[in-house]
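To keep things clear, I will list the structure first and then write my remarks on it.
The values are calculated or read from the model by the stated rules, or taken from the named source; none is laboratory data. As the structure is a computational prediction, the values presented were derived from the model and not from experiment. Glycine also receives a Cβ, built like all others from the backbone with ideal geometry; neighbour counts cover every protein chain displayed. Only protein heavy atoms, including side chains, enter the accessible area calculation; ligands, DNA and RNA are left aside. Shrake-Rupley method; radii C 1.70, N 1.55, O 1.52, S 1.80 Å.
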Amino acid sequence: MGIKRRHWALAAAPLALALLAATGCESTLGTRATPTAAPFTSGALSPSVARVCAKPSAGPTKAPAGAVTVDPAVVGDLAAQTKSNPPNTTFWLRPGMHRLDPDRYAQVIPKEGDRYLGAPGAVLDGRKKNQYAFGGTAGNVTIRYLTVQGFVAPQNEGVVNHDSADGWVIEHATIQDNSGAGLMAGAHQRVRANCLRDNGQYGMNAYKNGGRISDLVVEGNEIAGNNTGDWERRRPGCGCTGGVKFWAVDGADVRGNWVHDNRGSGLWADTDNNDFRIEDNVLDANDGAALIYEASYNAVIRRNTIRRNNWVEGRRYADRDDSFPVATIYLSESGGEPRIRARTDKIEIYRNVLENNWNGITLWENADRFCNSPANTSSDDCTLLVRRPDRCARPAIATAPLYTDCRWKTQRVDIHGNRFVLDKSVVDCTVKCDRMALLANYGTYPDWSPYKGDQVAEAITRRQHNRWHDNVYLGPWKFVAHDPSRILDSGQWQGTPYQQDAGSTLDPQAGG
């Protein structure tokens with residue numbers, strides 16, 4: 001698979017820029033002919049887009065003063081030099097192919113503050129023998145200008161920063177053609193201007209065993225062609241694929257990245273994440289959703305260009321006649337929560353351009369998913385308001401505060417000032433690719449659940465302060481509310497009882 005699949009996607013840039021310059025159109029949705037949102041000025045398709053892989057930045061041609069030189073002709077020299085030198089040492093890797101000892105567990109174990117700089121052409125190659133490149137618990141390690149490839153980490157494990165140590169800086173690196181995740185993440189980690197491509201599971205897996213990750217920055221990277229192992233087919237429903245996966249991250253800035261052609265989703269925040277800013281990215285031609293924000297809290301999603309995503313997974317749903325509105329931006333049991341400290345107390349999605357994706361935005365809440373429920377796909381996890389799943393049991397769960405706090409709730413979501421463009425001839429679809437959705441299922445399980453019936457569907461639709469307004473729609477959009485069977489036209493969507501998209505405009509003929 002890899003990034004060779006869809007080089008034509010960038011050819012759409014002139015169309016996207018023309019759409020950005022558009023100011024509105026005649027409407028059957030709302031009473032105003034011009035949207036209230038400010039004109040789009042996103043530079044996401046300008047030369048500033050993170051086209052890192054084609055021309056990575058080159059490292060120093062000579063060893064910096066005081067640096068230890070690492071010789072590619074000596075097998076295991078990098079690990080040996082690291083072991084024999086004190087903390088805070090700078091290592092300069094000469095041009096050439098660097099190798100570790102041929103033991104599967106052989107790896108580099110940095111000391112506190114160590115720095116690794118690759119010369120032009122310096123490559124650390126695992127030769128499909130070593131599982132990990134850099135591991136250990138030392139903090140504040142820096143890796144720059146180095147290519148890391150050919151390592152075979154197991155599922156859900158990573159090659160660089162295998163043990164999710166804190167304070168690492170990975171910049172101008174190429175991490176490619178590895179199994180598992182290209183890299184892991186710890187607290188205060190900085191991942192900037194890297195090429196993370198063609199790795200077997202993820203480009204990056206932001207996960208720390210037994211703990212939370214705080215203050216993570218992912219900026220200016222190209223994240224492409226990951227999940228070459230096609231894990232969702234190997235383990236259906238595993239939720240374990242895509243460009244980047246975030247788990248229990250508290251405070252993340254994800255900006256200026258080009259996330260494209262990943263098999264599965266582009267970006268996926270899964271379970272008890274909080275305080276994300278996802279901005280100024282280009283999310284392009286990923287097989288699944290461009291962005292999933294699941295069982296998580298408080299985020300700003302703004303000024304992103306989102307094109308041609310979800311074609312593969314969306315068509316798969318349509319081909320099996322599945323009515324669920326699988327979406328390009330998918331919020332599942334996620335919302336704003338003022339009781340959890342963050343830079344915002346809601347999820348705000350604004351000033352994004354979504355062009356020719358399979359469906360738009362879906363806000364979903366599974367009535368059967370809550371702490372201590374067998375239907376909780378996050379297994380032993382609970383919300384950030386309760387923590388211990390065993391507290392969410394009858395009879396206490398049926399009364400305040402546990403009735404509310406044992407659920408991840410899709411609430412306080414504000415969607416405004418976005419431009420949604422759909423040309424079905426480009427997407428090559430006729431049905432089930434044209435929907436915005438706000439819905440839940442009918443609660444049935446387990447038998448002691450206090451959320452049975454349509455009470456969750458009523459809450460997400462009418463009482464949890466989820467609101468679309470002041471958007472621009474170009475193309476034949478439909479809307480789903482309450483449950484998958486209620487497919488609405490724009491008038492029904494805006495009218496009683498749903499009252500969505502006040503001040504928005506819609507031109508069903510303009511998508512092409």
Between Thr61 and Val169, what FRET efficiency follows from the Cβ-Cβ distance if R0 is 30 Å, with the result rounded to 0.05? 0.90
Can you list the residues, at least 5 places off or on another chain, whose amide H is less than 5 Å from the amide H of Thr90, using H built in the peptide plane? Val68, Arg115
Amide H contacts under 5 Å for Ala481, placed H, 5+ residues apart: Leu438, Arg486, Leu488
For segment 111-180, with all protein chains present and a 1.4 Å probe, just round the carbon and sulfur fraction of the accessible area to a whole percent. 45 percent
Using θ = phi - 60° and the Karplus relation 6.51 cos²θ - 1.76 cosθ + 1.60, list the HN-Hα couplings for segment 446-462 in order, rounded to whole Hz, with x at every Gly or Pro. x, 5, 9, 4, x, 10, 6, x, 9, 5, 6, 4, 5, 5, 5, 7, 10
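I want the local charge near Arg351. Using Cβ-Cβ distances under 15 Å, sum +1 for each Lys or Arg and -1 for each Asp or Glu among the other residues.
Numbers: positive: Arg255, Arg277, Arg302, Arg303, Arg419; negative: Glu279, Asp280, Glu348, Glu355, Asp414, Asp470.
Neighbourhood net charge equals -1.
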Per residue, how much accessible surface does the chain expose to a 1.4 Å probe? Answer in Å², no decimals. 37 Å²
Distance in nm between label sites at Thr430 and Ser485, each 7 Å beyond Cα in the beta-carbon direction? 2.5 nm
Over all distinct Cα pairs, what is the inverse of the mean 1/r for the chain, reported as the Kirkwood hydrodynamic radius in Å? 23.5 Å
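Rounded, prolate or oblate: which fits segment 136-291 when a ≥ b ≥ c are the square roots of the eigenvalues of the alpha-carbon gyration tensor, with rounded for a/c under 1.5 and prolate only if a/b beats b/c? Show your work: numbers first, answer last.
Details: a/c = 1.24, a/b = 1.17, b/c = 1.06.
The shape class here is rounded.
Which pairs, out of Lys83/Lys208; Lys55/Lys111; Lys208/Lys346; Lys83/Lys245; Lys111/Lys208; Lys128/Lys245, put more than 29 Å between their alpha-carbon atoms?
Values: Lys83/Lys208 25 Å; Lys55/Lys111 31 Å; Lys208/Lys346 25 Å; Lys83/Lys245 32 Å; Lys111/Lys208 19 Å; Lys128/Lys245 24 Å.
Result: Lys55/Lys111; Lys83/Lys245 exceed 29 Å.
Could you work out the relative contact order of the chain, using alpha carbon pairs under 8 angstrom and six or more residues apart, expressed as a whole percent? Before the final figure, lay out each step's value.
Values: 1601 pairs, mean separation 56.4, N = 512.
It comes to 11 percent, rounded to a whole number.
For Lys129 and Arg94, FRET efficiency with R0 = 22 Å and r from the beta-carbon atoms, rounded to 0.05?
Working: r = 22 Å, r/R0 = 0.98.
Once rounded, the FRET efficiency stands at 0.55.
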Ignoring any ligand, DNA or RNA, what whole percent of the accessible area of segment 429-504 comes from carbon and sulfur when the probe is 1.4 angstrom? 50 percent
Around Glu157, which amide H atoms from residues at least 5 apart in sequence, or from another chain, sit under 5 Å from its own amide H, with H modelled in the peptide plane? Ala181
Tabulate in residue order the Karplus-calculated ³J(HN,Hα) for segment 159-170, using 6.51 cos²θ - 1.76 cosθ + 1.60 with θ = phi - 60°, rounded to whole Hz; enter x for Gly and Pro. 8, 9, 6, 3, 9, 6, 5, 8, x, 6, 10, 10
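Which residues make up the longest stretch of the chain that has no trypsin sites (Lys or Arg not before Pro) in a DSSP loop with at most 10 other Cβ atoms within 10 Å? The partial results should precede the final answer.
On the way: sites that count: Lys62, Arg320, Arg339.
That would be 63-319.
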Quick one: what are the phi-derived ³J(HN,Hα) couplings along segment 318-330, Karplus 6.51/-1.76/1.60 with θ = phi - 60°, whole Hz, x for glycine and proline? 5, 5, 9, 6, 7, 7, 5, x, 4, 10, 7, 10, 10
Segment 278-404 - percent of accessible surface contributed by carbon and sulfur, probe 1.4 Å: 46 percent
